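The values are calculated or read from the model by the stated rules, or taken from the named source; none is laboratory data. Here the structure is a predicted model, which is why all the values come from computation and not from measurement. For neighbour counting, all protein chains shown are included, and Cβ atoms are generated from backbone atoms with ideal geometry for every residue, glycine included. Heads up: the accessible areas ignore ligands, DNA and RNA and are worked out on the full protein's heavy atoms, side chains in. Shrake-Rupley method; radii C 1.70, N 1.55, O 1.52, S 1.80 Å.
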Amino acid sequence: MRKQRGLSIFVLLVFAFLCLPLLIITVTAFGEQPSIQFPIEGFTFQWFKKVFEISSFVDSFFLSLQISSLATLLALAVGIPAAYALARYKLPKTAWLKSFFLSPTVIPGVVVGYALFQFVVVQLQLPIFQGLLLGHFLISLPYVIRVVGSSLEQLDFSIEEVAWTLGCTKPLAFIKVVLPNITSGIFASFMLAFINSFNNIPVSQFLSGPGVATLPTTLMSYIEYNYDPTVSALSVLLMLGTIILMYLIEKTLGLASVA
Amino acid sequence: MSFVDLEDIRVSYDGKNNILKDLNLSIEKGELVSLLGPSGCGKTTTLRVIAGLIEPNDGAFSVDGANLTKVPVHKRNFGMVFQSYALFPHLTIKENVGFGLKLRKESKETIHKKVMEMLEVTGLADYADRYPKQLSGGQRQRVALARALVIEPKLLLLDEPLSNLDAKLRINMRLEIKKIQQRLGITSVFVTHDQEECFSISDKVAVMNQGVIEQFDTPEVIYNHPKTEFVARFIGFENFFDLTLVDDHTYAAGDGSLFKTAHTWETTQKVGTIRPEDITILSKQSGPAVNTIPGTVKVRTFLGKSYQYEVETPIGKLLVQDSDETTYTSGDEVSLYISEEKLILV
Amino acid sequence: MSKKTSYLILAPGLVLLLFFLILPLVSVIWPTFYDGGVTFNAYLEFFQDMYNVGILYRTIKISLIVTLISILFGVPTAYFIANSPKKWRGLLMSLTLFPLLTNSVVRSFAWINILGRTGIINNLMLASGLISEPITLLYTEFAIIIGSFYLFLPVMIISLVGTFENIDTEIMEAAETLGANRLTAFIKVILPLSIPGVIIGSILVFTGTLTAYTTPQLLGGNRNMMMSTFLYQNAMALGDWQSASVIALIMIVTTLLVMKVFNMIAAKLDKRGEKYA
């Protein structure tokens, strides 16, 4: 490429803007003062230790893991067959059905959270956990429909028909021939749905109660009352988690698959 | 000094490997010069240096006496036809062709007049308001040509412009390009890897290999008298054998058999070469004493209007093409006559 | 396979969506139209109160500003990434994705550190003597704008990189050989061709900012409410279900309208009435 100095400087500034705020958090996590300061004085790991001493952080982390995994798995269980039916059979209302399955993306997250809270928790009197799980299922489903759907659209279904002619039953052919050829799509949709569910605030915010709060909502309410480097330390840990996930995705699918 | 001059052009992307090595090329006004060579030989790079899309690491490039080496591409006023045509998909044919004129701030009327004239010349007048997507490959090709020509460029650059067309259309288009080029008298550089296309269209051909020009001459000279083994191989010479000078115009092959030649060669030229169709195949022990070697037919292939024989001889395996009525079959003993006129040394 | 089987496969998803998305939505929205008979009073009341209208206006205004500056900064950046050598592109894409995949609470928190009374900007300006006492940056509309821009710029960049990668590089060169300098070629050729990507990115950024909860909550404070924080406050702090439901429907309608408008703009700018190749 030929030289474009002006553009290069512009882009450098944009990336500085994207990276610096997170770098600053990282630095503040190691400061010795009881409130966040930048630049820091001294150097300590005590705030990381404190993260693990605050039981609501630890508990909500495990709850988040549980909710996100369950919701994403449920979305896969429901979404893969649905995506298959939509891609495989020219139903009269395929386009309409597809946008129905994607509808949770056009409904604002706070509205989904609010409606579910009203309906599931207030009217049906179900435990909050179930409501939270349902909410996360709803926001995960579109990722499965979209990503698995696009791998299915690229699949040559004659391989499935060959399996039928060789004596495979239809369900068996689906498991033995179709699924193995869309594994990368399934994995990509799992990753995307999981990350989004794990990071979700708007839905979780409405569906939290005693003993049921995800890590981001816990962190959010902690920030509203505290301004100490524990938050920075937890943020650093969360960013480390992001880096590990990105590394995993890059090694398996390539980051382009989730971009 | 010629109209277009490339002097000691060197291009390297990584600082170590040279894509072009001290390349020199001179083009006279009004000529159509082809750059011919296999992929990776540097022909497209040369064209892009001329266009100003690549700045050479060393060397100078001038047109009409003006040094343009540092002049950016948009100020050179050369028309270029790209391999992919590179039409602007968001503009109509008329807008595509008028793009360059609009940048030159010509009046609306002038632009319209010039564009319509050019569309008329290229037979596109009926498609003025269509979008590129709605045209066939050949039509898009013409749009690309019209767009390059309408700015009245000093040079017309064509980067494998015919490679995306089917065989029949390609022959029509190259004729058309040649006609338009001659009528406008525009100096042109044409990049191709197809020797037939290149010979049919060019006034001069530069055969390139690994970043250097191996030979630069008219198509006839290159076809009949390739200077190097690379050029010979690239344009269809298939038989090569070592020779040593023994007497005036007389050479000996490895087995001692003598070959006379009608031309005078440099002392560095020690490999004899000849096209398969220039060897005469005769029955055993006929033909003159010199320039003839014995052989055994190994394989016969029917090519339609002729036969091809693979013949084992004391100087190696030779390929022969022959349209004679007498045919030979595998195992036949034959003589091969290599004429003084057709024997080339490289 | 028969139609029946395929509907059977679709059934679990359809039922779950109907029961836990559509039904809950209807059950919260319906009462806003029903008060012994069908009525629009709840909405009339909402729009008569200038405080409410102010929040809706602020929400749309901020979303629009964030979208515009995201386009302004996203387009050149994405163009640069798309034209970088392969190894650089991977790195730049990772640097773009990293903030995107990081929790929005963390990303908003970053700006509390920068904009707060004892934040970096105030510290710097105090130290350099530019100001004598801290200025208020946090809990302002400006804070929401910069926080949302920070949140959604990666979305815009990523939507655009693919678009730019799909534009044939020879098209840019063709424009240059015809006499266009870099900037002209970019504006006349590349930019019009990138409109589909800009539209997709704008829809995502606009609706994202419109419905984001974390950023206005953490950076805006109570005086700079947006629709999402307003909904939360009505529902959870004030227990005013009626108002919360009214806000919910207005948010849904606004989101759909925005998508519609952007798609209309796209159709208008794309004169051929079809997607670019």
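Quick notes on this structure:
- Selected residue (only one of A:192, A:215, A:152 is of a type in the set (A, V, I, L, M), in contact with a helix residue (DSSP H, G or I) (Cβ under 6 Å, 6 or more places away or on another chain), open to solvent by less than 30 Å² (accessible area, probe 1.4 Å) and more than 11 Å from every other protein chain (Cβ to nearest Cβ)): A:152
- Look at the stretch A:99-113: where a residue is more than 7 Å from chain C (Cβ to nearest Cβ) and surrounded by 24 or more Cβ atoms within 10 Å (Cβ to Cβ) and a partner is of a type outside the set (Ser, Thr, Tyr) and not in a helix (DSSP H, G or I), sitting 6+ places away or on another chain with Cβ atoms under 7 Å, you get A:113/A:207.
- Candidates B:217, B:194: the one that is under 30 Å from residue B:18 (Cα atoms) and at pLDDT 95 or above is B:217.
- Among the residues making up the stretch B:243-263, those that are among the β-branched types (Val, Ile, Thr) and under 33 Å from the mean Cα position of the chain (by Cα) are B:244, B:250, B:261.
- Selection count where residues are in a helix (DSSP H, G or I) and facing another protein chain (nearest Cβ under 10 Å), scope the stretch C:209-222: 6
- Taking the listed residues C:228, C:245, the one that is in contact with a Pro (Cβ under 8 Å, 6 or more places away or on another chain), under 22 Å from residue C:155 (Cβ atoms) and either within 12 Å of chain A (Cβ to nearest Cβ) or open to solvent by less than 20 Å² (accessible area, probe 1.4 Å) (or both) is C:228, with no other qualifying.
- Residues in the stretch B:194-213 that are open to solvent by 50 Å² or more (accessible area, probe 1.4 Å) and free of Cβ contacts under 8 Å to residues at least 60 places away in the same chain were compared, and the one that is farthest from residue B:39 (Cα to Cα) is B:200.
- Residue that is nearest to residue A:215 (Cα to Cα) [pool: residues in the stretch C:108-135 that are open to solvent by less than 20 Å² (accessible area, probe 1.4 Å) and more than 7 Å from every other protein chain (Cβ to nearest Cβ)]: C:108
- Unique match (being under 20 Å from the mean Cα position of the chain (by Cα) and open to solvent by 50 Å² or more (accessible area, probe 1.4 Å)) among C:69, C:60, C:55: C:60
- Some residue of the stretch B:46-59 being among the aliphatic types (A, V, I, L, M) and either away from chain C (no Cβ under 14 Å) or assigned to a loop (DSSP other than H, G, I, E, B) (or both): yes
- Of the helices (runs of 4 or more DSSP H) contained entirely in the stretch B:97-206, those carrying at least 1 residues that are among the aromatic types (Phe, Trp, Tyr) fall at B:195-201.
- Of all residues making up the stretch B:66-89, the number that are assigned to a helix (DSSP H, G or I) and open to solvent by 20 Å² or more (accessible area, probe 1.4 Å): 2
- Only one of B:63, B:73 that is of a type in the set (A, V, I, L, M) and free of Cβ contacts under 8 Å to residues at least 40 places away in the same chain: B:73
- Of A:122, A:58, all but one fail to be more than 7 Å from chain C (Cβ to nearest Cβ), closer than 16 Å to residue A:205 by Cα and surrounded by fewer than 16 Cβ atoms within 10 Å (Cβ to Cβ); the exception is A:122.
Conditions (1) surrounded by 18 or more Cβ atoms within 10 Å (Cβ to Cβ); (2) among the acidic types (Asp, Glu); (3) within 14 Å of chain B (Cβ to nearest Cβ), marked per residue:
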site: C:137; (1), (2), (3): yes, no, no
site: C:143; (1), (2), (3): yes, no, no
site: C:146; (1), (2), (3): yes, no, no
site: C:153; (1), (2), (3): yes, no, no
site: C:159; (1), (2), (3): yes, no, no
site: C:169; (1), (2), (3): no, no, yes
site: C:177; (1), (2), (3): yes, no, yes
site: C:185; (1), (2), (3): yes, no, yes
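- Taken together, C:127, C:185, C:180 contain a single residue that is of a type in the set (A, V, I, L, M) and either touching a Leu at 6+ places or on another chain (Cβ under 8 Å) or within 23 Å of residue C:212 (Cβ to Cβ) (or both), which is C:180.
- Within the stretch C:248-272, being open to solvent by 70 Å² or more (accessible area, probe 1.4 Å) and touching a Pro at 6+ places or on another chain (Cβ under 9 Å) holds for one residue alone: C:269.
- Residue match in the stretch B:90-98 (condition: surrounded by fewer than 22 Cβ atoms within 10 Å (Cβ to Cβ), touching a residue at least 12 places away in the same chain (Cβ under 8 Å) and of a type in the set (A, V, I, L, M)): yes
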